[in-house]
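K.L.:
Questions regarding the structure given below will be posed in turn.
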Amino acid sequence: WGMIAPAAILLLAFVFLPAIMGFGLAFTNARLVSPRPIEFVGTDNFARLFTDPTFWRALLNVSYFAVVVVPVQSALALAMAVLINKKFRGVNFFRTVYFLPVVTSMVVVSLLWMFMYRKDGLINEFLSAASFGLIHGPDWLNDTATSMPAIIILSIWQAAGFHMIIWLAGLQSISGELYEAAELDGASRWHQFRYVTWPCLKHTRTLILVTITIQALGLFDQVSVMTQG
């Protein structure tokens with residue numbers, strides 16, 4: 001827990017507390033910029049929300065996004081953490097490369113991927129070259145069938161590095177004596193992961209799943225920049 005504490009404190013301050021405050025403000029008439037005093041309005045805001053058809057469409061899209069992103073992103077981040085949780089030449093380079101998308105501005109990342117997703121973008125050019133001209137990719141962001149998968153891929157790529165660091169902290173907190181005992185018992189690498197690593201990551205796993213879920217449900221900037229809503 002000592003290695004996870006710094007990340008947990010930051011997540012508490014910038015993810016969980018704002019979420020709790022936002023839920024509390026939902027029962028008031030608070031406005032972003034308004035001279036009017038904040039008053040308690042009960043469930044009036046929720047009544048208006050649940051009768052708006054746009055809300056239900058948005059809820060469906062967000063649910064689809066979260067159902068895909070949460071397991072895939074957490075699994076990818078764990079795989080990355082396992083790969084770099086070893087001592088080998090250049091390990092710090094790979095850690096930096098994996099984490100680089102996290103510290104890059106989301107607007108910049110979205111613009112770069114937006115150009116890659118264009119009809120004449122890098123992705124379609126690659127597909128065409130790899131298939132010798134047989135595959136002509138779609139206009140990813142302007143096609144209703146591909147716009148959501150395109151945003152999902154970007155989101156997973158951009159945030160996996162952050163959760164990789166949390167997984168890595170959890171992995172490094174596991175005592176090496178447990179692995180030594182497992183090896184003496186003849187456990188394979190898979191059995192070591194299943195019966196030693198995975199159970200010891202219980203608290204880290206909970207933290208990551210909750211964090212990714214909150215971030216997935218609060219997605220805005222990627223969609224706003226890449227599809228204008």
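The values are calculated or read from the model by the stated rules, or taken from the named source; none is laboratory data. In this text the structure is predicted, and so the values were computed from the model without any measurement. Cβ sites come from the backbone with ideal geometry, for glycine too, and all protein chains shown count toward neighbours.
K.L.:
Could you go through region 195-203 and let me know if any residue there is in contact with an Asp or Glu (Cβ under 6 Å, 6 or more places away or on another chain) and either in the same structural domain as residue 11 (by TED's automatic domain parsing) or not in a helix (DSSP H, G or I) (or both). Please lay out each step first, then the result.
P.N.:
First pass over region 195-203, keeping only residues in contact with an Asp or Glu (Cβ under 6 Å, 6 or more places away or on another chain): none.
Scanning region 195-203 turns up no residue that is in contact with an Asp or Glu (Cβ under 6 Å, 6 or more places away or on another chain) and either in the same structural domain as residue 11 (by TED's automatic domain parsing) or not in a helix (DSSP H, G or I) (or both).
K.L.:
Which residue, of 182, 187, is more than 21 Å from residue 99 (Cβ to Cβ), surrounded by fewer than 18 Cβ atoms within 10 Å (Cβ to Cβ) and either in contact with a strand residue (DSSP E or B) (Cβ under 7 Å, 6 or more places away or on another chain) or among the hydrophobic types (A, V, I, L, M, F, W, C) (or both)?
P.N.:
Working: 182 fails: surrounded by fewer than 18 Cβ atoms within 10 Å (Cβ to Cβ).
When all the criteria are applied, what remains is 187.
K.L.:
Within region 111-129, track down each residue that is farther than 11 Å from residue 139 by Cα and either exposed (fewer than 13 other Cβ atoms within 10 Å of the Cβ) or touching a residue at least 12 places away in the same chain (Cβ under 8 Å) (or both).
P.N.:
Result: 111, 113, 129.
K.L.:
Could you please find all residues in region 124-143 being of a type in the set (S, T, N, Q) and part of a helix (DSSP H, G or I)? Spell out the reasoning first.
P.N.:
Kept after step one, since they are of a type in the set (S, T, N, Q), are these residues of region 124-143: 124, 128, 131, 142.
The answer is 124, 128, 142.
K.L.:
May I ask you to say which residue of 169, 216, 182, 160 is farther than 24 Å from residue 12 by Cβ and small (Gly, Ala, Ser)?
P.N.:
Details: 169 fails: farther than 24 Å from residue 12 by Cβ; 216 fails: farther than 24 Å from residue 12 by Cβ; 160 fails: farther than 24 Å from residue 12 by Cβ.
Within the list 169, 216, 182, 160, the selection yields 182.
K.L.:
Looking only at residues that are within 20 Å of residue 21 (Cα to Cα) and either aromatic (Phe, Trp, Tyr) or touching a strand residue (DSSP E or B) at 6+ places or on another chain (Cβ under 9 Å) (or both) in region 43-64, which one is surrounded by the fewest Cβ atoms within 10 Å (Cβ to Cβ)?
P.N.:
Among them, the one singled out is 46.
K.L.:
Still on this structure, please answer the following. Return yes when residue 38 is surrounded by 10 or more Cβ atoms within 10 Å (Cβ to Cβ) and in a helix (DSSP H, G or I) and no when it is not. Before the answer, list the steps.
P.N.:
On the way: surrounded by 10 or more Cβ atoms within 10 Å (Cβ to Cβ): yes; in a helix (DSSP H, G or I): no.
No.
K.L.:
Quick check on region 128-149: of everything there that is touching a Leu at 6+ places or on another chain (Cβ under 9 Å) and within 30 Å of residue 220 (Cβ to Cβ), which residue is modelled with the lowest pLDDT?
P.N.:
Top of the filtered list is 137.
K.L.:
List every residue pair whose Cβ atoms sit under 8 Å apart, with the two residues 6 or more apart in sequence or on different chains, where the first one lies in region 84-103 and is surrounded by 10 or more Cβ atoms within 10 Å (Cβ to Cβ) and the second, anywhere, is hydroxyl-bearing (Ser, Thr, Tyr) and part of a helix (DSSP H, G or I).
P.N.:
From region 84-103, the pairs are 84/98.
K.L.:
Could you list, in sequence order, the residues of region 130-158 that are surrounded by 14 or more Cβ atoms within 10 Å (Cβ to Cβ) and among the polar types (S, T, N, Q)?
P.N.:
Residues satisfying the conditions are 146, 147, 155, 158.
K.L.:
A further question follows. Being within 18 Å of residue 160 (Cβ to Cβ), in a helix (DSSP H, G or I) and of a type in the set (Val, Ile, Thr) is the filter here; which residues of region 77-123 pass it?
P.N.:
Within region 77-123, 82, 84, 91, 96, 97, 102, 103, 108, 109 meet the criteria.
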